[in-house]
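**Q** First, the structure itself, so that you have it in front of you.
The values are calculated or read from the model by the stated rules, or taken from the named source; none is laboratory data. This is a predicted model, so every value here is computed, not measured. Note that each Cβ is placed from the backbone with ideal geometry, even for glycine, and that neighbours are counted across all protein chains shown.
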């Protein structure tokens, strides 16, 4: 199953942007607990800055005057940067929203596989599989994924209870590795406030206002303080890489599971230890595979999938077997970028047995089959 036989070419401008985005994410991780940035800066950030300075000088434009100035650049649309990016790359995108890396920044950062595992916490999930697979415990793997998606914030007591759950007790260490103490700087008047729609901790601005840590809630304007947890309870928060690359798309995965079950279908989450995200079986025995892709930038998603093809990896593994497969995108991605599907398909040639659709359109296909 191949989409293209050619390896995607990364331009000099794309490499520069990848290095800067990687450095921005690493710098954010280093200072997220309220620490001031300190030297040395992440090596990727310095390398990206050096490359950008050379581009600016070659075009007789004023370059950023060091890392602090570069971070100011990161709050500007990429269209204002002197870089030559593909038309579908999203030149209106920014790398920083205030002090936080945007989803676009994360996606440019993992554009290269050399840092993907580090930034996405992928090693942790591999470790979970290594524990569950020999024990023939797929239910434990599914329970672990559900926990990360459904409960991004836990008190120390909650954490203890989850680790004592019969399905999760074998993953005690991995659960503790998935969470970290919430930054005390987020607390307001002795309380941590969680965003009602997504469950994540809300951040405190310099003006003492609360904003959701998740860009999606801020962009949609749905962030609203809900659950409150006393600071003294010892509060743990899912690590950022897991929030971004496991929990965020996981919300769409669980949403689809619920909708498909209501239609009377047999639904399996993360079959064969995450060969893909959902497998549904119809009454006639036909099986479909669904892989949810929750990327802000369709060009970068297409580029990532094309890299898999160039490495002779299947776009969607065939075990467990399926007769039709889908890449499914959360509906709000269409609202954020109206040409999302066109940009994705233009940059990723899918085989006929794999379709790409938004949630609502995929559900329509399912209903037509029923």
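**Q** Considering (1) in contact (Cβ under 8 Å) with a residue 40 or more places away in the chain; (2) assigned by TED's automatic domain parsing to the domain that holds residue 232; (3) buried (at least 16 other Cβ atoms within 10 Å of the Cβ), say which one residue 156 fails and leave the rest.
**A** (3)
**Q** For region 305-323, state whether one or more residues are assigned to a helix (DSSP H, G or I), outside the structural domain of residue 91 (by TED's automatic domain parsing) and either over 22 Å from the mean Cα position of the chain (by Cα) or modelled with pLDDT of 95 or more (or both).
**A** Yes; the residues of region 305-323 include at least one that is assigned to a helix (DSSP H, G or I), outside the structural domain of residue 91 (by TED's automatic domain parsing) and either over 22 Å from the mean Cα position of the chain (by Cα) or modelled with pLDDT of 95 or more (or both).
**Q** Collect the residues in region 211-229 that are surrounded by 15 or more Cβ atoms within 10 Å (Cβ to Cβ) and either over 24 Å from residue 249 (Cα atoms) or assigned by TED's automatic domain parsing to the domain that holds residue 96 (or both), keeping them in residue-number order.
**A** Matches in region 211-229: 229 only.
**Q** Just need a number here: residues in region 175-202 that are without any contact (Cβ under 8 Å) to a residue 40 or more places away in the chain and farther than 16 Å from residue 143 by Cβ. Don't jump to the end; show me each part of the working.
**A** Restricting attention to region 175-202, the residues satisfying the condition of being without any contact (Cβ under 8 Å) to a residue 40 or more places away in the chain are 175-176, 186, 188-189, 193, 195-197, 202.
Restricting the remaining residues to those that are farther than 16 Å from residue 143 by Cβ gives 186, 188-189, 193, 195-197, 202.
Residues that pass the stated criteria total 8.
**Q** Residue check, residue 299 against (1) buried (at least 18 other Cβ atoms within 10 Å of the Cβ); (2) modelled with pLDDT of 90 or more; (3) in contact with a strand residue (DSSP E or B) (Cβ under 6 Å, 6 or more places away or on another chain), all met but one. Which one?
**A** (3)
**Q** Contact list please: Cβ distance under 8 Å, first residue in region 265-281 and at positive phi and outside the structural domain of residue 141 (by TED's automatic domain parsing), second residue surrounded by 20 or more Cβ atoms within 10 Å (Cβ to Cβ) and in a loop (DSSP other than H, G, I, E, B), pairs at least six apart or on different chains.
**A** As it stands, the answer is 270/276; 270/277, since those pairs meet every condition given.
**Q** Looking only at region 331-354, count how many residues are part of a helix (DSSP H, G or I) and over 22 Å from residue 252 (Cα atoms).
**A** Counting residues in region 331-354 that are part of a helix (DSSP H, G or I) and over 22 Å from residue 252 (Cα atoms) gives 2.
**Q** Ok, one more. Need the failing condition index for residue 255 against (1) more than 24 Å from residue 131 (Cα to Cα); (2) in contact (Cβ under 8 Å) with a residue 12 or more places away in the chain; (3) more than 19 Å from the chain's Cα centre (by Cα), just the number.
**A** With (1) more than 24 Å from residue 131 (Cα to Cα); (2) in contact (Cβ under 8 Å) with a residue 12 or more places away in the chain; (3) more than 19 Å from the chain's Cα centre (by Cα) applied to residue 255, the lone miss is (3).
**Q** Another question, if that's okay. Can you name every residue in region 147-161 that is touching a helix residue (DSSP H, G or I) at 6+ places or on another chain (Cβ under 8 Å) and over 20 Å from residue 269 (Cα atoms)?
**A** 154, 155, 156, 157, 159
**Q** Also: Tell me, yes or no, whether region 152-165 has at least one residue that is within 17 Å of the chain's Cα centre (by Cα) and assigned to a helix (DSSP H, G or I).
**A** Looking for residues that are within 17 Å of the chain's Cα centre (by Cα) and assigned to a helix (DSSP H, G or I), one finds none in region 152-165, hence no.
**Q** Restricting attention to region 311-361, which residues are farther than 26 Å from residue 89 by Cβ and buried (at least 18 other Cβ atoms within 10 Å of the Cβ)?
**A** Within region 311-361, 317, 322, 325 qualify.
**Q** Just one of the numbered conditions (1) touching a residue at least 24 places away in the same chain (Cβ under 8 Å); (2) touching a helix residue (DSSP H, G or I) at 6+ places or on another chain (Cβ under 6 Å); (3) outside the structural domain of residue 337 (by TED's automatic domain parsing) is not true of residue 172; which one?
**A** (1)
**Q** Please work out which one of (1) closer than 19 Å to residue 49 by Cβ; (2) modelled with pLDDT under 95; (3) out of contact with any helix residue (DSSP H, G or I) (no Cβ under 6 Å at 6 or more places or on another chain) is the condition residue 122 fails and give its number.
**A** (1)
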